[in-house]
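The values are calculated or read from the model by the stated rules, or taken from the named source; none is laboratory data. This structure is a prediction, so every number in the text was calculated from the model and none was measured. Cβ placement follows ideal geometry from the backbone for every residue including glycine, while neighbour counts extend to all protein chains displayed.
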Amino acid sequence: MKKRLVKVCGLTSCQDLAFCQDIGVDLTGFIFHPPSPRYIDPVVVGRWEKKTELRVGVFVHSDIEKIIDTIETARLDLVQLHGGQDEKVCLSIGPERVMRVFWPERHVMKDDFEQELDSFKEVCSFYLLDAGTSSGGHGRSIASPWLWDLITAKPWFLAGGLSPDNIKGVLDLGMTGLDLNSGVELSPGIKDHDKIRRIMKIIFDM
């Protein structure tokens, strides 16, 4: 079984960030959507030390100018577009920096979902598949059985309530990485270091 990249999203404290860096998390995620309980000011993120991890900013309804400004302010490597933004938005930001979110549960047929993914293959670097039919933070797994033989043109991350209790059940999927958030928290934005440590052990011991 190939190793997976690990992304911990919704970080709001420098202590949690330092823990993720020390334990070897590949990507750290910060939510720049003010209504979210996990929102953090980009200026604060920009002041925090950045090591070898890729830094990802999550945006929902921000305009292009705001996103571009935040990339510089928070020292982002990637932009996670969580508001259903179209191909033009991705191109404006730069495909090399875009992680575009998709919701498999919007589709009944796998072919329709693969067609949607394919329409974005030239304008982003990663796909992220999340539970529900819009937004995020649902705290549950994706209910789409055809993910098991999904074919994608880009590497993809799986999100949706991933925790030490259910992570083994998805590791046979073809994803490149795992996006951890609500399933590894003590409360919104405050991470449970023990749960992250347990997931890392499961992934890298298998």
Practice prompt. For residues that are within 20 Å of Cys9 (Cβ to Cβ) and in contact with a strand residue (DSSP E or B) (Cβ under 7 Å, 6 or more places away or on another chain), tally how many sit in the stretch 90-119.
Written response: 9
Item to complete: Confirm whether Leu54 is under 24 Å from Gly160 (Cα atoms) and surrounded by 13 or more Cβ atoms within 10 Å (Cβ to Cβ).
Response: yes
Discussion item. Any residue that is part of a loop (DSSP other than H, G, I, E, B) and aliphatic (A, V, I, L, M) - is there at least one of those in the stretch 78-98?
Written reply: no
Practice prompt. Please go through the stretch 42-51 and pick out each residue that is buried (at least 18 other Cβ atoms within 10 Å of the Cβ) and touching a Lys or Arg at 6+ places or on another chain (Cβ under 8 Å).
Written response: Val45
Item to complete: Output the number of the condition that Ser92 fails; it satisfies all remaining conditions of (1) within 18 Å of His33 (Cα to Cα); (2) of a type outside the set (D, E, K, R); (3) surrounded by fewer than 22 Cβ atoms within 10 Å (Cβ to Cβ).
Response: (1)
Practice prompt. Would you check which residues across the stretch 1-26 are within 11 Å of the chain's Cα centre (by Cα) and closer than 15 Å to Asp192 by Cβ and list them?
Written response: Val6, Val8, Cys9, Gly10
Worksheet item: Has the stretch 42-56 got at least one residue that is farther than 21 Å from Asp179 by Cα and without any contact (Cβ under 8 Å) to a residue 24 or more places away in the chain?
Response: yes
Worksheet item: In the set Arg38, Arg4, which member is among the charged types (D, E, K, R), surrounded by 14 or more Cβ atoms within 10 Å (Cβ to Cβ) and modelled with pLDDT of 95 or more?
Response: Arg38
Worksheet item: Which of the residues belonging to the stretch 13-27 are among the polar types (S, T, N, Q) and either touching a Lys or Arg at 6+ places or on another chain (Cβ under 6 Å) or modelled with pLDDT under 95 (or both)?
Response: Gln21
Worksheet, complete the sentence: Here the residues within the stretch 1-56 that are among the polar types (S, T, N, Q), in a helix (DSSP H, G or I) and under 15 Å from Ile190 (Cβ atoms) are Gln15
Response to the item:
Counting only residues in the stretch 135-172 that are among the hydroxyl-bearing types (Ser, Thr, Tyr) and touching a helix residue (DSSP H, G or I) at 6+ places or on another chain (Cβ under 8 Å), the one modelled with the highest pLDDT is identified as Ser163
Worksheet item: Looking only at the stretch 169-206, which residues are hydroxyl-bearing (Ser, Thr, Tyr) and within 16 Å of the chain's Cα centre (by Cα)?
Response: Thr176, Ser182
Practice prompt. Determine, yes or no, whether Val170 is touching a residue at least 24 places away in the same chain (Cβ under 8 Å), of a type in the set (Val, Ile, Thr), crowded, with 16+ Cβ neighbours inside 10 Å and closer than 11 Å to Val8 by Cα.
Written response: no
Discussion item. Lys66 - would you say it is under 18 Å from Leu11 (Cα atoms), among the basic types (Lys, Arg) and not in a strand (DSSP E or B)?
Written reply: no
Item to complete: Inspect all residues belonging to the stretch 62-75 and state whether any of them is under 14 Å from the mean Cα position of the chain (by Cα) and on the phi < 0 side of the Ramachandran plot.
Response: no
